[in-house]
Each structure stands twice: as structure tokens, then as C-alpha cells.
Amino acid sequence: QGQLVESGGGLVQAGGSLRLSCAASGRAFSNNAMGWFRQAPGKEREFVAAISWSGGSTNYADSVKGRFTISRDNAKNTVYLQMNSLKPEDTAVYYCAASRGALVAVATRNYGYWGQGTQVTVSS
């Protein structure tokens, strides 16, 4: 078993920054790729960013490239999402997830563990 807990969400003005954290407990996910997804009201959950088990490979949705950065600290069993230049369309609940494999993946079906989510609201 394992648990993922997100933190760092909140309300920010457009152009601002937030840093999300995802802390794992109950088991280590150091051999798993990790990902961030988001879901806005009335929309499907969508891929945001993913990082391989070692941190050597990352992948981003086109909508966040150049603005968001995913990173991980396996010693702390924690994954981060640094979000800069935030836009109102980034408003969503952000979910952390652990992949079933070691390599980056963008589809939700590749992820077996999910956190409860943290709300990010960007005001215009």
C-alpha cells in the first residue's frame, strides 16, 4: 500500500507562482515514474507533467511547457511541481500520481496510485 498527499495549492493572481508538493508514505515510489494531472470543473482529468524514476526524463503538456517544472527528491519520497506565470485557465484540482512503471507516461491508465488533489485557483 501507499499514499500520496498533495499540498501547496491555493489562490494566486495571474502571473504568479505556486509550488505543489506530493509526499508519499507507506511505501517508496523511487522506482516509479510520477506524474501531475489536473481536472477543471466540467472537464476530464488531463495530463500536466511526468518525471521518470531517476528524474532524468520529463514530459509536459503543451499548455504548460516553459511555465511548469516537475522535479523529484527520492530521498524525501517527494515530487514537486513548480508553476510559474500562472493563467486563469490553469485553475483546477491538481492530482499527483505514481505510475506502474519507471518511464514517463501521459495516460491516466498507466497510473496506479493517486492523491486526493489540491485546489489551484488563478484569478485574473
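The values are calculated or read from the model by the stated rules, or taken from the named source; none is laboratory data. Given the structure is predicted, the values throughout are model-derived calculations rather than measurements. No Cβ is skipped: glycine too gets one built from the backbone with ideal geometry, and neighbour counts run over all protein chains shown. For the accessible areas, the whole protein counts, side chains as well, though only heavy atoms, and no ligand, DNA or RNA atoms are used. Shrake-Rupley method; radii C 1.70, N 1.55, O 1.52, S 1.80 Å.
Have a look at SER85, GLY15, SER71 and report the one farthest towards the positive end of the charge dipole of the chain, computed about the Cα centre with Cβ charges (Lys/Arg +1, Asp/Glu -1). Final value for the positive-end residue is SER71. Each of ARG38, ARG27, ARG109 has its accessible area taken with a 1.4 Å probe; listed largest first, they run ARG109, ARG27, ARG38. Ligands, DNA and RNA aside, ILE51 has an accessible area near 0 Å² when probed at 1.4 Å.
Taking all protein chains together and a 1.4 Å probe, the residues GLU44, GLU89 rank GLU44, GLU89 from largest to smallest accessible area. Here the alpha carbons of the chain define both size measures, Rg and Dmax, at 13.3, 40 Å.
Solvent exposure of the chain, expressed per residue, is 50 Å² of accessible area, with all protein chains present and a 1.4 angstrom probe. For PHE29, the solvent-accessible surface computed with a 1.4 Å probe is close to 0 Å², ligands and nucleic acids excluded.
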